[in-house]
Structure formats: structure tokens, C-alpha cells
Amino acid sequence: MFLCNSNLIYMVDTYSIPVTRIERSKLHDIPLENIPFGKYFTDHMLEADFEDGKWKNIEIKPYQPLVLNPSLAALHYGQAIFEGIKAYKDASGNAFIFRPQDNFKRFNISAERMQMPVVPEYLFMEGMRQLIELDKNWIPAKEDHSLYIRPFMFSSDEVIGVKPSEHYKFLIILSPTGPYYAAPMRIYVEEIYTRASPGGIGFAKAAGNYGASMLATAEAKKKGYDQVLWTDAFEHKYVQEIGTMNVFFIIGDRAITPDLKSETILSGVTRDSAMVILREMGFKVEERPLSIDDIIDAYRAGILYEVFGTGTAATITLIKELKYKDFVMNFPVEQWKTAPELKKRLTAIREGRLPDNYGWMYKV
Ligand SMILES: Cc1ncc(COP(=O)(O)O)c(C=O)c1O
């Protein structure tokens, strides 16, 4: 396939990004076991600049600080988006990335919403593949371990003024991680603050969404809760997401997750994978509006069996308590079968221990 970049035409298969290698790998100093999430970064990073309507200066180089002007547009007006993806090694040591094409598409959906330039496939996908190829010794070959991939883009005009930038930077950095065990969570149903509203940017993975969510989370933490369950902006009645995870409710023989029609929810790659596997497990999967009243009714009727969050960082997180106003729902998570089985299957596909029936694993 041929793709255009600046004045050059590249063949994707042979397009090779210039590389400056580090002199000595940091890997000698960092043991790849029980590594905390997001703390260590690999030897190299990818960096590219958008100028004059084209992507330029594409290179892979030693991981290093950026030198930025204090007037940098992203710091003032928040044109900044990112993605979160994971790479794994199978038992034979082959490296695979989990569903990166889906993140590539979502990245450009975020870019469009934030008036930022599209990142072409050769830059996002080939850039990621070549960077991981170079740093593949950093992918921990252990159960529950992976390499977290963080592509991101921000506006880089050096002028004050609210308007879309003419300059942008795109980078990819890599961070070994695992095991990421998220203990069952206590969740506060949020009724004052809102994460997203129709017409807003809830469906985009824009940095501002995360900054705007921190106050609600901090207040929930003060009350003894781990995270909030966001509700809709108009009535605070329809459930949306839990913190930075999509949410599923097992009610009777159905697995229900809020639908994406109002564009207030991030379309999670783990959410989509969970729906596929839950169908394989025999559930009827429904994407639809789900109100907190329906959830309480199901709880009272004894048919709300499980509640869990889905996301790249922890895969599946069990919810042991939901508090709505003065009403507390407690769940015997240690007896649950569905969420643990879902997590087991998803992890086994990603680590190459179950067949990849849906073409989810992208070979590096
Ligand atoms: C707000 C929000 N919702 C949902 C998710 C889950 O998405 P994914 O499964 O693609 O990681 C994330 C994490 O990326 C998120 O930040």
C-alpha cells in the first residue's frame, strides 16, 4: 500500500523511520518484575512534528525530556489527546499488540473533535511497530505483565490566543507494567459533577476530560470510595462509566452496558472485547440506556449478579459496593463467576494461551 507524507511516497511495508539508538540500555537497572504502572519508560520514543500541513521530522530516538516554550498552546488551551494500548509476549517470545487498529481509529476521532490534524496510519501503526520492535526486550515475558503504549498529540504553536494550532507534536512512549491488580472497588454514584454532556467531548480521549474528572474523584475518596460512577448530565439518572472504565451489569441472563449514542462515553476497546466474549459465554449482551432506578430494582429483586469495569489498564475490575444517595448495594465478589472468567479469557487471548479467533493480536 502507498501512502503520501509531505513530498514523499512511502511503501508502508518498507517505510523505515530514522533511528538514533541509546548507548546503554536502562534495562540493566530495572528488573521487569512487579513493575508499578506508568513509572518506568523504555530506552526509546517516537517523535514527529506537524508543520505547514504535513507530518515531518519523524524519528525514533532515546527517551528524553522535551524542550517547550512557556507559550506552548497545549498548556493554555488544551488541544491534547492520547491513547492507551498494551503489547504482550507469547510463550515463544513473539511480541503482539492488542487491537491497535481500534486505538488508531479512536485517536483520529479524538483528533477530529479537538480540531487537530489526522495522524496517518504509517506514522501511528508503523511508528508504534518499529518502536516496539526496537524496545521489545522491555516487554515482560511474565503472566499479567505487559508493555503499556502511550501515543499522544498536543498543539505546539508558541503564541497566546484561542484558535486551533498550526503546529502539533505526536509522540509514542512505552512503559513496562504489571501485574496490575485492581482490588474490588467501592463506587460512589455521582450526582453533582458531570464527566460529559451531549455535544461535548466525552467520546474523545482528550486530556481535559481527565483533568475535569479529578475533583469528583477526590471528593468520593474523602467519603471512603475508590471511584465515581458517572451519570448523565441532565438528570443524573442514566449510568455512564466508572472513572476511566466502561461499566457492565449482569442482570439475570443479560450483560448490560450503557450505549454510546449520546457520545458522552468513551468507546472502550476492552468494552468491545468484553461484549464479544460475554456472548461466547452465553449472555445476551445489551447496549442501552440503563438508569440507576433499574439497577436498584434489579438489586432488590436479587437479579443484579455482578458489576464490573473494563479498561486497558486493569482489564476487568470488580465492584464490591455501589452507593447511591443513602442506598448501599453490597456484592459478594468472592462468589462471582462471570467477571473473573471474562478476565481469564481475555488475558489468555492476549498472552497467546487461547486462540485469537477475532484477529485481535497484531504481530510486531
Ligand atoms: C474514560 C474512559 N472510559 C473507558 C476507558 C476504557 O477504554 P479501553 O478499554 O479502550 O482502555 C478508558 C481508558 O482508556 C477511559 O479513559
>> Condition check: of a type in the set (Lys, Arg), farther than 28 Å from Ala204 by Cα and touching a residue at least 12 places away in the same chain (Cβ under 8 Å). Does Lys320 satisfy that?
In response: yes
>> If I filter segment 237-271 down to residues being charged (D, E, K, R) and either farther than 21 Å from Asn103 by Cβ or more than 8 Å from the ligand (Cβ to nearest atom) (or both), which single residue comes out as least open to solvent (accessible area, probe 1.4 Å)?
In response: Asp259
>> Which count do you get for residues in segment 283-316 that are touching a residue at least 12 places away in the same chain (Cβ under 8 Å) and exposed (fewer than 14 other Cβ atoms within 10 Å of the Cβ)?
In response: 4
>> With the structure loaded, tell me whether Val228 is at pLDDT 95 or above and part of a strand (DSSP E or B) or whether it fails that test.
In response: yes
> Among the residues of segment 206-225, which ones are of a type outside the set (Gly, Ala, Ser) and touching a Gly at 6+ places or on another chain (Cβ under 8 Å)?
Replying inline: Asn209, Thr217
> Would you say Asp49 is surrounded by fewer than 20 Cβ atoms within 10 Å (Cβ to Cβ), within 16 Å of the ligand (Cβ to nearest atom) and in contact (Cβ under 8 Å) with a residue 60 or more places away in the chain?
Replying inline: no
>> Could you check segment 195-219 and list, in sequence order, the residues that are more than 9 Å from the ligand (Cβ to nearest atom) and charged (D, E, K, R)?
In response: Glu219
> Does Ile192 meet the test of being more than 16 Å from the ligand (Cβ to nearest atom), of a type in the set (Val, Ile, Thr) and either open to solvent by less than 60 Å² (accessible area, probe 1.4 Å) or more than 23 Å from Pro65 (Cα to Cα) (or both)?
Replying inline: yes
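The values are calculated or read from the model by the stated rules, or taken from the named source; none is laboratory data. In this text, all values refer to a predicted model and were calculated from it rather than measured experimentally. Note that we place each Cβ from the backbone using ideal geometry, even for glycine, and neighbour counts take in every protein chain shown. Areas reflect the complete protein model, heavy atoms only, side chains present, ligands, DNA and RNA absent. Shrake-Rupley method; radii C 1.70, N 1.55, O 1.52, S 1.80 Å.
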